[in-house]
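Heads up: the structure comes next, in C-alpha cells.
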Amino acid sequence: MNYIVLDLEWNQCPYGKEKENPEIPFEILEIGAIKLSEEKKILGTFKETICPVVYKQFHFRTKEILDYSMEELKQSRRFPDVTRDFFAWCGNDYILCTWGPSDLPELQRNLDFHQSENPLPKPLFYYDVQKLFSILYDDGKLRRSLEHAVEALRIEKTNPFHRAFDDTFYTAKVMMKMNWDAVKSYRSVDYYRPPENRKEEIYMIFADYAKFVSKLYRTREELMADRTVLATRCYLCGKMLRRTVRWFPVGQKQYLCVASCPRNGFLKGKIRIKKASDGRYFAIRTLKPASEEQVAEILARKEEIQKKNRERRKHKS
C-alpha cells in the first residue's frame, strides 16, 4: 500500500459569508500530492492548479498566501478534469495523509458541487499527520503548525509554506522523520459521509481509547434515545460497564459519563453530536481510561451544571 500525502489550496467568497455559495464555501484552486511507498520512498508527484468557476476574485486572505494571479488560474483546467487525473494517479492501493482534518471534507464537498464521482472509500480512513506528530512529541491534544514540526525535527526549509505542493513536501518529510511504527495504528476517519445505517457504523479500538461513529438520525432526541449510542462496554475486556456518572449534557452538542470496569477501573465517555450536510445528526462516542482525579472533575462538572439549571428554572418561575 502507498501513502498519498495531500494538500489543497482554496479560495472563499471575497464579499463576506452572507454572499457565499453554501454548497461550496471553499473552492479548491490547487492540488499538491506526493506518493510514498510503505518504506517512505517518493514514487511520484502531482501538482496542478484549477480554474475557478464560483469565486473569480481572491479573498484577501487567499491573496496573501498564493503566489499566482487570478488571470493565471483562469488558464488552468476545470476541477472535474484535474481530479479525474489525480485519482487515476493515486492508483488502487493507497491511504491518504494530510496535515490536519480539513482537506478531505472540502475535497468531497467540491466533488459533490461539480457532480463528480467520489471514488474515495466509505468509511474513509486516513492519516492525520498533525495528530500523529502530537501523539509522538506532545500530549496528543495539542495541534502544532507544519512549520513548527519542520523546525522541531530539524528539516531544512528550502521552500515557502502555505502552498499546496510545498506543504505536501514538508508533510512527507515529517513522515519520513517520525517513528511511524509507533503511530501507524492511529488512523483517523473522515466524517463527511457518515454511516447511513447500523451496518455501516464504525468501531475503532486503539491502545488507549475506543471510538464509535453512529448512523444518522433525524433529531438529536432520537439519537440520544438509542441504547447503542449510550452503550458503555470496556474496550479492553469486552464487559458491559456500570455507569457511575450517567450521561449528562455539556451544552447542546456534547455529553459526558463515567463508567466502572471491575477489571480495568474507571473509564470516561464522551459523545459529540455532529450535523451532516443533509441536516441529520450522528454521534461520535469515545471511551478512555480515567484517573480518580478525572472522575472527580467530571462529577463536579455535572453538579455545577445541575446547580445552574436549578437556578435558571427558579428565576423563570
Where a residue in region 247-261 is farther than 9 Å from Lys302 by Cα and touching a residue at least 40 places away in the same chain (Cβ under 8 Å) and its partner, wherever it lies, is open to solvent by 20 Å² or more (accessible area, probe 1.4 Å) and hydroxyl-bearing (Ser, Thr, Tyr), with Cβ under 6 Å and at least six apart: Val258/Thr244
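Being out of contact with any Phe, Trp or Tyr (no Cβ under 8 Å at 6 or more places or on another chain), exposed (fewer than 13 other Cβ atoms within 10 Å of the Cβ) and in a helix (DSSP H, G or I): is that true of Arg301 here? Full working, then the answer.
Numbers: out of contact with any Phe, Trp or Tyr (no Cβ under 8 Å at 6 or more places or on another chain): yes; exposed (fewer than 13 other Cβ atoms within 10 Å of the Cβ): no; in a helix (DSSP H, G or I): yes.
For Arg301, the condition - out of contact with any Phe, Trp or Tyr (no Cβ under 8 Å at 6 or more places or on another chain), exposed (fewer than 13 other Cβ atoms within 10 Å of the Cβ) and in a helix (DSSP H, G or I) - is not met.
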Which numbered condition Trp99 fails, given (1) surrounded by 16 or more Cβ atoms within 10 Å (Cβ to Cβ); (2) more than 27 Å from Phe125 (Cβ to Cβ); (3) in contact with a strand residue (DSSP E or B) (Cβ under 9 Å, 6 or more places away or on another chain): (2)
Subset of region 232-246 (residues that are surrounded by 19 or more Cβ atoms within 10 Å (Cβ to Cβ) and either among the aromatic types (Phe, Trp, Tyr) or at pLDDT below 90 (or both)): Tyr235, Leu241
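Please enumerate the residues belonging to region 53-101 that are part of a loop (DSSP other than H, G, I, E, B) and of a type in the set (D, E, K, R).
First, the residues of region 53-101 that are part of a loop (DSSP other than H, G, I, E, B): 53-59, 66-69, 74-76, 78, 91-93, 99-101.
The answer is Lys56, Asp67, Lys74, Arg78, Asp93.
Is there a residue in region 122-135 that is of a type in the set (Gly, Ala, Ser), more than 26 Å from Glu200 (Cβ to Cβ) and touching a Phe, Trp or Tyr at 6+ places or on another chain (Cβ under 9 Å)?
So in region 122-135, the residues of a type in the set (Gly, Ala, Ser) come out as 134.
Cutting the leftovers down to more than 26 Å from Glu200 (Cβ to Cβ) gives us 134.
Now drop any that are not touching a Phe, Trp or Tyr at 6+ places or on another chain (Cβ under 9 Å), which leaves none.
No, because not a single residue in region 122-135 is of a type in the set (Gly, Ala, Ser), more than 26 Å from Glu200 (Cβ to Cβ) and touching a Phe, Trp or Tyr at 6+ places or on another chain (Cβ under 9 Å).
Could you check, for region 215-230, whether at least one of its residues is open to solvent by less than 20 Å² (accessible area, probe 1.4 Å), in a loop (DSSP other than H, G, I, E, B) and closer than 23 Å to Asp128 by Cα? So that I can check it myself, show each step before the final result.
Residues of region 215-230 that are open to solvent by less than 20 Å² (accessible area, probe 1.4 Å), as a first pass: 216-217, 223, 229.
Checking the rest, the ones that are also in a loop (DSSP other than H, G, I, E, B) come to 216.
In the following step, the residues that additionally are closer than 23 Å to Asp128 by Cα were identified as none.
No, the conditions are met nowhere in region 215-230.
Residues that are hydroxyl-bearing (Ser, Thr, Tyr) and touching a strand residue (DSSP E or B) at 6+ places or on another chain (Cβ under 9 Å), at least 2 per element: which helices (runs of 4 or more DSSP H) completely within region 106-200 meet that? I'd like the intermediate steps shown before the answer.
On the way: elements: 129-137, 146-152, 164-177, 180-183.
Answer list for region 106-200: 164-177.
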Residue match in region 100-122 (condition: in contact with a helix residue (DSSP H, G or I) (Cβ under 7 Å, 6 or more places away or on another chain), within 23 Å of Pro160 (Cα to Cα) and at pLDDT 95 or above): yes
Residue match in region 105-127 (condition: touching a Leu at 6+ places or on another chain (Cβ under 9 Å) and of a type in the set (D, E, K, R)): yes
Residue count for region 262-283, restricted to those that are surrounded by fewer than 17 Cβ atoms within 10 Å (Cβ to Cβ), over 21 Å from Leu299 (Cβ atoms) and of a type in the set (Gly, Ala, Ser): 3
Pick from region 155-178, criterion of a type outside the set (A, V, I, L, M, F, W, C) and under 20 Å from the mean Cα position of the chain (by Cα), ranking: most open to solvent (accessible area, probe 1.4 Å): His162
Hits in region 1-59 (condition: open to solvent by 20 Å² or more (accessible area, probe 1.4 Å), of a type in the set (Phe, Trp, Tyr) and touching a helix residue (DSSP H, G or I) at 6+ places or on another chain (Cβ under 9 Å)): Trp10, Phe26, Phe46, Phe58
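The values are calculated or read from the model by the stated rules, or taken from the named source; none is laboratory data. This is a predicted model, so every value here is computed, not measured. Positions of Cβ are backbone-derived with ideal geometry, glycine not excepted, and every protein chain shown enters the neighbour counts. Keep in mind that these areas ignore ligands, DNA and RNA; they rest on the heavy atoms of the full protein, side chains included. Shrake-Rupley method; radii C 1.70, N 1.55, O 1.52, S 1.80 Å.
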